[in-house]
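These notes are about the structure you will find just below.
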Amino acid sequence: MGAAGRRALRAGLALGALALVLQGLRGWLASKRYEFTPAEIAQLARHHAGLDHELAFSKIIVELRKKHPGHILADEDLQWVFVNAGGWMGSMCLLHASLTEYVLLFGTAVDTGGHSGRYWADISDTVISGTFRQWKEGTTRSEIYYPGDTIVHQAGEATSVQWSAGTWMVEYGRGFIPSTLAFALADTLFSTQDFVTLFYTLRVYAKGLLLEANAFFSTLGC
């Protein structure tokens, strides 16, 4: 076998291994137990939609802690962190994070918009205040969402997104969450080069993972 044949064989083996890993990951995501459901988060957010967003967020945090003790970050770990991605800029406050789920508060105090990104995760957002506009790939019209509305972004989809100033929402993601970080951090790494924000983002995600690890080992009696 020549050099070209060996390279082709190695490439084929690598692609085969990757396919097996992806298939295994897909099976794991489909069969595992999740702490939250999209319907639960959307219903909770809708219940407080239309309120002042800070009041709504405080009530949502209290209710999530009652329903999911040990799975919501403590007050001292909650932090509003800028997010620059796809040309838009917003701010998030992470409440829960694991390898397969997250719950966060998100919004913007200024008009902003850009590309949604494509993810290996399903993401749903329920509007608390303001308006959100979405233009789906393959269409020629956009849709506007108002307080109480829920927007579902399926894995693999891409849209154009736009938030009006003062839009705040509750977001739930389910899938392979580490895969979303590449998009979420790309503008920070290659455009704004705001490494303080990068540190804040990675730190709060690490705190979420540690909290979930602690909850997992607690169920084992460790």
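The values are calculated or read from the model by the stated rules, or taken from the named source; none is laboratory data. The model shown is predicted, which means the values in this text are computed figures rather than measured ones. Because the Cβ atoms are built from the backbone with ideal geometry, glycine has one as well, and the counts that use them run over all protein chains shown. Remember, those area values only see protein heavy atoms, side chains included, never the ligands or the DNA or RNA. Shrake-Rupley method; radii C 1.70, N 1.55, O 1.52, S 1.80 Å.
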Q. Quick one: how many residues across the range 122-146 are in contact with a Lys or Arg (Cβ under 6 Å, 6 or more places away or on another chain) and either at pLDDT below 95 or under 15 Å from Ser160 (Cβ atoms) (or both)?
A. 2
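Looking at the range 186-205, which of its residues are open to solvent by 60 Å² or more (accessible area, probe 1.4 Å) and part of a helix (DSSP H, G or I)? If you could, list the steps in order and put the result at the bottom.
To start, the set of residues in the range 186-205 that are open to solvent by 60 Å² or more (accessible area, probe 1.4 Å) comprises 189-193, 195-196, 199-200, 202-203.
The answer is Leu189, Phe190, Ser191, Thr192, Phe195, Val196, Phe199, Tyr200, Leu202, Arg203.
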**Q.** Tally, over the range 31-49, of residues that are more than 19 Å from the chain's Cα centre (by Cα), open to solvent by 60 Å² or more (accessible area, probe 1.4 Å) and at pLDDT 95 or above
**A.** 1
Q: Output yes when any residue across the range 142-156 is open to solvent by less than 40 Å² (accessible area, probe 1.4 Å), charged (D, E, K, R) and outside any loop (DSSP other than H, G, I, E, B), and no when none is.
A: no
**Q.** Top-ranked residue of the range 128-141 - restricted to ones that are assigned to a strand (DSSP E or B) and open to solvent by 20 Å² or more (accessible area, probe 1.4 Å), ranked as nearest to Ser58 (Cα to Cα)
**A.** Ser129
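Using the structure shown, decide if Gly208 is assigned to a helix (DSSP H, G or I) and either touching a His at 6+ places or on another chain (Cβ under 7 Å) or loosely packed, with under 15 Cβ neighbours inside 10 Å (or both). Don't jump to the end; show me each part of the working.
Details: assigned to a helix (DSSP H, G or I): yes; either touching a His at 6+ places or on another chain (Cβ under 7 Å) or loosely packed, with under 15 Cβ neighbours inside 10 Å (or both): yes.
Considered against the rule, which asks whether it is assigned to a helix (DSSP H, G or I) and either touching a His at 6+ places or on another chain (Cβ under 7 Å) or loosely packed, with under 15 Cβ neighbours inside 10 Å (or both), Gly208 comes out as yes.
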Q | Flag for Tyr119 being at pLDDT below 95 and open to solvent by less than 50 Å² (accessible area, probe 1.4 Å) | A | yes
